[in-house]
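Comments concern the structure below.
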Amino acid sequence: MDDLHALIRRHLEQGDAIGWFEALYARAQEEGDPCTVPWVHMAPRRELLEWVFQGQPNGHGRSGLVIGCGLGDDAQILAGLGYRTVAFDVSPTAIRWCRERFPDSPVEFVVADLFHPPAEWHRAFDLVVEGFIVQALPLEMRAETVAACAAFVAPGGTLLAIGLGVDREEERGGPPWPLTLEELALYEAQGLRRIQLQRWDDPEKAPLFRYWAEYRRDGPPGSSRRPQE
Ligand SMILES: C[S@@+](CC[C@H](N)C(=O)[O-])C[C@H]1O[C@@H](n2cnc3c(N)ncnc32)[C@H](O)[C@@H]1O
């Protein structure tokens, strides 16, 4: 763990907020164990499953996007619901791993940078999943990161934000940098309306809490430009 923190710190001290993700995945691949990457569980996020069980979304005829998809489990869930799914990550190793793990997947796994996405992804997706992305990037990038995530949501589309929250700023270290409720409201400044917020105060995580938040961009549904049509 010390070694891991030193690696991350080295990147951050050089003003590189992104490069350490690939370094971590590449190191895990060398070690032959993806679970040495701290957030990898080789399973979908339980918050995503909870949202799915609650709302029973039907993705047929709709498009989905998973931001910073890691090893691809959440993208598989979207595809299973019928969404025509694109999942991207800045780490080429992570995307290679996704393709190896799910060789027959209908998901389009793509190497891409959240801050320089293909132009045709702008406001193009009916469902966008942001899982543990905003909190993984430094505080000074927070507004920019939220704006970049929100920009993928089509009129009538939904964004599901999943992560760790904190009530008081002084209770967070970082990385990761959990969100305050005020910071979650940055999504609303991007033209999204909050539909619901679920929070769990897990004693093992205190003072942090887990959350998922569902947002909608008002507008006529079905006006998204679907990928690969
Ligand atoms: C904390 S992990 C979360 C992974 C996955 N979403 C999950 O819930 O387990 C953050 C992910 O975002 C990716 N990432 C970080 N910066 C990115 C960027 N600028 N563009 C695309 N992906 C990025 C990382 O490579 C990593 O896979």
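Ranking request for peptides 111-117, 83-89: highest mean number of other beta-carbon atoms within 10 Å first, then the rest in descending order.
Working: 111-117: 14.6, 83-89: 26.3.
The most tightly packed comes first, giving 83-89, 111-117.
Going by average Cβ density within 10 Å per residue, which order do the peptides 97-104, 46-53 take, highest to lowest?
So the peptides 97-104, 46-53, ranked by packing, come out 46-53, 97-104.
In Å², and per residue, what accessible area does the chain have when probed at 1.4 Å with the other protein chains present? If you can, show how the numbers build up before the last one.
Details: 10800 Å² over 229 residues.
Heavy-atom accessible area per residue stands at 47 Å².
Multiply the residue separation of E182 and A26 by 0.36 nm, subtract the distance between their alpha-carbon atoms, and state the gained length in nm to one decimal.
Working: separation 156, 0.36 × 156 = 56.16 nm, distance 3.49 nm.
Residue separation times 0.36 nm, minus the Cα-Cα distance, leaves 52.7 nm.
Taking every pair of alpha-carbon atoms in the chain, give the share separated by more than 33 Å as a whole percent.
12 percent
Rounded to whole Hz and in sequence order, give me ³J(HN,Hα) for the range 24-36 from the Karplus expression 6.51 cos²θ - 1.76 cosθ + 1.60, θ = phi - 60°, writing x for Gly and Pro.
Calculated HN-Hα couplings, in order: 5, 5, 5, 5, 5, 5, 4, 7, x, 9, x, 6, 6 Hz.
I need to check one value: relative contact order of the chain, counting alpha carbon pairs closer than 8 Å and at least 6 residues apart, in percent.
17 percent
So what J values fall out for the range 39-51 if you push phi through Karplus, 6.51 cos²θ - 1.76 cosθ + 1.60 with θ = phi - 60°, rounded to Hz, Gly and Pro as x?
Going residue by residue, I get 9, 7, 10, 6, 7, x, 5, 5, 5, 5, 4, 4, 4 Hz, with x marking Gly and Pro.
Report, by chain and number, residues whose modeled amide H sits under 5 Å from the one on V110, excluding near sequence neighbours (fewer than 5 apart, same chain).
Answer set, sorted by chain and number: A87, F88, D89.
Suppose the chain between D3 and I195 were pulled fully straight at 0.36 nm per residue; how much longer would it get relative to their current alpha carbon spacing?
Contour length minus the Cα-Cα distance gives 65.0 nm.
For G156, enumerate residues with amide H under 5 Å from its amide H, sequence gap 5+ or separate chain, H modeled in the peptide plane.
When sequence neighbours closer than 5 places are left aside, the close amide H contacts are R217, D218, G219.
Could the peptides 174-187, 145-158, 31-44 be put in order, highest first, of the mean number of other beta-carbon atoms found within 10 Å of their residues?
Top of the packing list down: 145-158, 174-187, 31-44.
In whole Å, what is the distance between the alpha-carbon centres of the range 62-99 and the range 4-21?
24 Å
What residues have an amide H closer than 5 Å to that of L179, excluding those fewer than 5 places away on the same chain, when H is modeled at 1.01 Å from N in the peptide plane?
Result for L179 returns L164, G165, V166.
Enumerate the calculated ³J(HN,Hα) couplings along the range 74-90 in order (Karplus 6.51 cos²θ - 1.76 cosθ + 1.60, θ = phi - 60°), each rounded to whole Hz, writing x wherever the residue is Gly or Pro.
Rounded to whole hertz, the list is 5, 5, 5, 5, 4, 4, x, 7, x, 5, 6, 10, 10, 9, 10, 8, 6.
Considering only DSSP beta bridges where both residues belong to the chain, give the percentage that are antiparallel (nearest 5). Present the calculation step by step, with values, prior to reporting the outcome.
Numbers: 16 of 36 bridges.
Of the beta bridges lying entirely in the chain, close to 45 percent run antiparallel.
Given only helices, namely DSSP H runs of n ≥ 4 each adding -39500 (n - 2.57), what is the per-residue ellipticity at 222 nm of the chain, to the nearest 500 deg cm²/dmol?
-8500 deg cm²/dmol
Can you give the FRET efficiency to the nearest 0.05 for Q54 and E169, using r as the Cβ-Cβ distance and R₀ = 35 Å?
It comes to 0.70.
The values are calculated or read from the model by the stated rules, or taken from the named source; none is laboratory data. Quick caveat, the model's predicted, so the values are computed rather than measured. Using ideal geometry, Cβ is built from the backbone for each residue, glycine included, and neighbour counts are taken over all protein chains shown. Protein only, heavy atoms only, side chains kept; ligands, DNA and RNA dropped before computing areas. Shrake-Rupley method; radii C 1.70, N 1.55, O 1.52, S 1.80 Å.
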